[in-house]
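Could you have a look at this structure, given as structure tokens, before my questions?
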Amino acid sequence: MAGCEVRLAGGWAGFDNAVERISKLPQDLFAEVCQQIMLHLQCKTPGVNALEVAERLQTAGVELDLEATKELIHVISLFFRSAAQSNMSAEELIVKLTDSSSKWSKQVLQVIRHVWNEQGKQIVTPEDAKHMLTVGQLVDLQWKLGMAVSSDSCRSLNYPYVTMMLKVADSSGEIISRSFEMTIPQFQNFSKQFREVAAVLDMV
């Protein structure tokens, strides 16, 4: 059941390796990652951007690739979510973690205890989330204007186009990037629809 998730995590083949990588993180960086995960679990942000976390860690001299960073985020999210479902105290959570692996460092456990004491009670559990929408959420939208100058069938096109770049968080919190191109008439129609939505919202 829910209360067993942290206890069972130690049976996962790569769990100890993930814990060892977590325990090697600088204390301030680990606290920063925990904060991002907490905000997501509290439904205050749509997700945790693993790519941005990996880049932040690499800038600080921590060599973790994207897949290892995703695994790290998954492990931290797992024990926070499990503790919330079981309504654990900070001390109970620390005991469960130390039982699950001997690889946890004292510094990391101190951060976990502090973060849980400060924010653990605000986590939205799956039972609470049943009443919330699980559709994706738009995190970021950017656009840029380009000019197509040639193609395989035409040496001189010279027509403008708009590239749209979206970041969307799915219901699990993973942030996915998508991009697509539109002709100017398509973009104008797209823009018109947004203005119509804004006009309706002004009347609400």
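Within the range 171-192, identify whether any single residue is basic (Lys, Arg), at pLDDT 80 or above and open to solvent by less than 70 Å² (accessible area, probe 1.4 Å), and answer yes or no.
Within the range 171-192, not a single residue is basic (Lys, Arg), at pLDDT 80 or above and open to solvent by less than 70 Å² (accessible area, probe 1.4 Å).
Which residues, taken from the range 42-62, are surrounded by fewer than 20 Cβ atoms within 10 Å (Cβ to Cβ) and at pLDDT 85 or above?
Within the range 42-62, Leu51, Glu52, Glu55, Arg56, Gln58, Thr59, Ala60, Gly61, Val62 qualify.
Give me the residue from the range 88-107 that is polar (S, T, N, Q) and under 26 Å from the mean Cα position of the chain (by Cα) and, out of that set, nearest to Ala18 (Cα to Cα).
Ser101
Which residue pairs have Cβ atoms closer than 7 Å, lie 6 or more positions apart in sequence or on different chains, and pair a first residue in the range 86-108 that is within 16 Å of Ala31 (Cβ to Cβ) with a second residue that is open to solvent by 100 Å² or more (accessible area, probe 1.4 Å)?
Pairs that qualify, where the first residue is within 16 Å of Ala31 (Cβ to Cβ) and the partner is open to solvent by 100 Å² or more (accessible area, probe 1.4 Å), are Ala90/Asn117.
Of all residues in the range 19-41, which are buried (at least 20 other Cβ atoms within 10 Å of the Cβ), farther than 20 Å from Lys167 by Cα and either touching a Ser or Thr at 6+ places or on another chain (Cβ under 7 Å) or among the polar types (S, T, N, Q) (or both)?
Correct list: Val19 only.
A further question follows. Answer yes if at least one residue in the range 119-127 is in contact with a helix residue (DSSP H, G or I) (Cβ under 8 Å, 6 or more places away or on another chain), at pLDDT 80 or above, within 23 Å of Leu39 (Cβ to Cβ) and assigned to a loop (DSSP other than H, G, I, E, B), and no otherwise.
Yes, the conditions are met somewhere in the range 119-127.
In addition: Being open to solvent by 10 Å² or more (accessible area, probe 1.4 Å), farther than 25 Å from Leu138 by Cβ, modelled with pLDDT of 90 or more and not basic (Lys, Arg) is the requirement here; does Glu92 meet it?
Taking the combined requirement at face value, the residue satisfies it.
So, Ser102, is that one modelled with pLDDT of 85 or more and loosely packed, with under 11 Cβ neighbours inside 10 Å or not?
On the way: modelled with pLDDT of 85 or more: yes; loosely packed, with under 11 Cβ neighbours inside 10 Å: yes.
Criteria met by Ser102.
The values are calculated or read from the model by the stated rules, or taken from the named source; none is laboratory data. Only a predicted model underlies this, so the values are computations on that prediction, with no experimental measurement involved. Heads up, the Cβs are rebuilt from the backbone with ideal geometry, glycines too, and the neighbour counts pull from every protein chain shown. These area figures cover heavy atoms from the full protein model, side chains too; ligands, DNA and RNA do not enter into them. Shrake-Rupley method; radii C 1.70, N 1.55, O 1.52, S 1.80 Å.
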